[in-house]
Amino acid sequence: MSKKVLLSSKEIQIILHRLACQLLENHSDFKDTVLIGLQPRGTFLAKRLTDLLTQEYGVKEINLGSLDITFYRDDFRRGDKTLEASKTHIDFLVEDKKVVFIDDVLYTGRSIRSALTAVQSFGRPAEIELLTLIDRRFSRHLPIQPNYRGRQVDAINGEKVQVLWDENEGQDIVYLINE
């Protein structure tokens, strides 16, 4: 097994600022926009972007939520691995809002399909966009593409992308792992 650094901490910070600016360009005051981090890993990215937008770019208020998609997954009852649910925290309506799903890695697209179903429990959004730190473009099973991407990675099937966050693992770094 070999590990290659795809993104260092400094590169992640640069990408976060670029993504925040792209969101700001398309949503300006965020009055009609909500950000939803997909549990578990997308929540770290969503929180970081929200903090950047409010503290460094002067956005007054952003509705930030987290969505657990465990029970909406198409592989929920498949295999021997027991899936563990996380918490959903959405204390606002998504009805007629622009929703931005945020996740760390876009791989097959199945998690996003699950999120599209799960969010319907909270209302009918006006539109839904996708922001992802890493886009594994050659791995898609469904026709899902990000509106905002930090970095596009051409990883083949035997390779895995691992994103570590300072809040969870004690450092910001993205690896490409060849198993």
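The values are calculated or read from the model by the stated rules, or taken from the named source; none is laboratory data. This one's a predicted model, so the numbers in the text were calculated from it and none came from an experiment. The accessibility values were calculated without ligands, DNA or RNA, using every heavy atom of the protein model including side chains. Shrake-Rupley method; radii C 1.70, N 1.55, O 1.52, S 1.80 Å.
Over segment 113-171, consider all pairs of different Cα atoms and compute the Kirkwood hydrodynamic radius from their mean reciprocal separation; express it in Å, one decimal. It would help to have the intermediate numbers written out before the result.
On the way: mean 1/r = 0.0723 Å⁻¹.
By the Kirkwood definition, the hydrodynamic radius is 13.8 Å.
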What one gets for the chain as the Kirkwood radius, inverse of mean 1/r over different Cα pairs in Å, is 16.7 Å
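Classify segment 1-71: rounded, prolate or oblate, from the alpha-carbon gyration tensor (a ≥ b ≥ c, eigenvalue square roots; a/c under 1.5 rounded; otherwise prolate if a/b is larger than b/c)?
Working: a/c = 2.74, a/b = 1.30, b/c = 2.10.
It comes out oblate by the Cα gyration axes.
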Using alpha carbon centers only, segment 103-161 is separated from segment 162-176 by a whole-angstrom value of 19 Å
Round to the nearest 10 and report in Å² the accessible area of ASP135, as given by a 1.4 Å probe over the protein chains' heavy atoms. 0 Å²
THR70 - accessible surface, heavy atoms, 1.4 Å probe, Å² rounded to 10: 10 Å²
Amide H of ARG41: which non-local residues (sequence gap of 5 or more, or other chain) have their own amide H closer than 5 Å, using H built in the peptide plane? none
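Of LEU176, LEU142, which has the most accessible area with a 1.4 Å probe, and how do the rest follow in descending order?
Details: LEU176 25, LEU142 45 Å².
Largest accessible area first, the residues go LEU142, LEU176.
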For every helix of n ≥ 4 consecutive DSSP H residues, a contribution of -39,500 (n - 2.57) applies; sum these over the chain, divide by its total residues, and give [θ] at 222 nm rounded to the nearest 500 deg cm²/dmol. -8000 deg cm²/dmol
May I ask you to evaluate 6.51 cos²θ - 1.76 cosθ + 1.60, the Karplus curve with θ = phi - 60°, for each residue of segment 26-39 and list the ³J(HN,Hα) values in order in whole Hz, giving x for glycine and proline? 8, 10, 5, 8, 6, 4, 10, 10, 10, 9, 10, x, 7, 5
So for SER139, SER121, what's the accessible-area order with a 1.4 Å probe, most first? SER121, SER139
Using modelled amide H (1.01 Å from N, peptide plane; none on Pro or chain starts), what sits under 5 Å from the amide H of ASP172, excluding residues fewer than 5 places away? ASP166
